[in-house]
Amino acid sequence: MADKATQLIAWADRFDPAILSRLGDRVLTHVQPDLADQAELAALERAAERAEARRHVTLSEQQDGQVRLSGSLDTETASLLREAIDPLCAPAGAHDDRSPGQRRADALGEICRLALRTGHLPDSGGDRPQLVVTVSLDALVHGVRAGALETGARLTPGAVRRLACDAGVLPAVLGGNSQVLDVGRQRRLFTGPLRRALVLRDGGCAFPCCDRPSRWCDGHHVQHWADGGATELGNAVLLCGHHHRLLHQGDWTVRIAAHGQPEFLPPRWLDPLRTPRRNLYHRRC
């Protein structure tokens, strides 16, 4: 051990503390491997205890329509998170121009949607998201406008429409003095036999070249239900979260062709002829 101390002192002016510590561990491994194993185990246990005590996740409301996510995870939990989001972090096709950070953020949202879809969460969170959209009678007649969550947070019309495709929506009609006149029944969703038929037809995300499996996808109304579209197979398509947002942005459009399969029309800046495209990735024949 004295030789180890002498050697480390000799290295002290050549290496920074992190590298010096690693060199010390290597020396100990060669000189006394049993003691090195004990030291490593003790260090790991101390680090695990510190990480467990300091673990936290914080969601902070921002003023610009964002929520800041921050926190610290222990190694075990972080490895579970990486394993869960990694399959969703790859680009979703040739037209996916999201940054790696944006893909990770979207993957986290997809994990939450999947957990909610399973119905295995506690009663307070086991259902799919249910939005109470507060609108005036005139807005209800002329279409969905900005919505409000029960927390008071505001949602854009696009977000309301996108979530409403495969989430519960309760229309609440207000009178002039904000008195609740009526709370409608939850609209029918893409669930049960209808979702199974949708999965059998599309196989996964139906957007061209996307390889996302069906479990990561939501049902999307080709003609939105707010515009009179029915919740039926002939008005539905499976989309992953990224391509669901892309469809609601309006550049791409989707339709159900005469053969019963969904096909997508690209924007004119990408293809002036808007040649219909299909996803052949999930086809079995």
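Any read-out appearing in this document is the output of simple, stated calculations on the displayed coordinates, not a laboratory observation. Model, not experiment: these values are computed from the prediction. With ideal geometry, Cβ positions are generated from the backbone for all residues, glycine too; neighbour counts draw on all protein chains shown.
Structure data summary
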| read-out | value |
| --- | --- |
| Computed lengthening from A197 to A51, 0.36 nm per intervening residue step minus Cα-Cα distance | 48.0 nm |
| For V237, residues with placed amide H under 5 Å, excluding near neighbours | H220, V222 |
| Residues C89, C209, C240 arranged by fewest to most Cβ contacts within 10 Å | C209, C89, C240 |
| Separation in nanometres of the label points that stand 7 Å from Cα toward Cβ, at R82 and C112 | 2.3 nm |
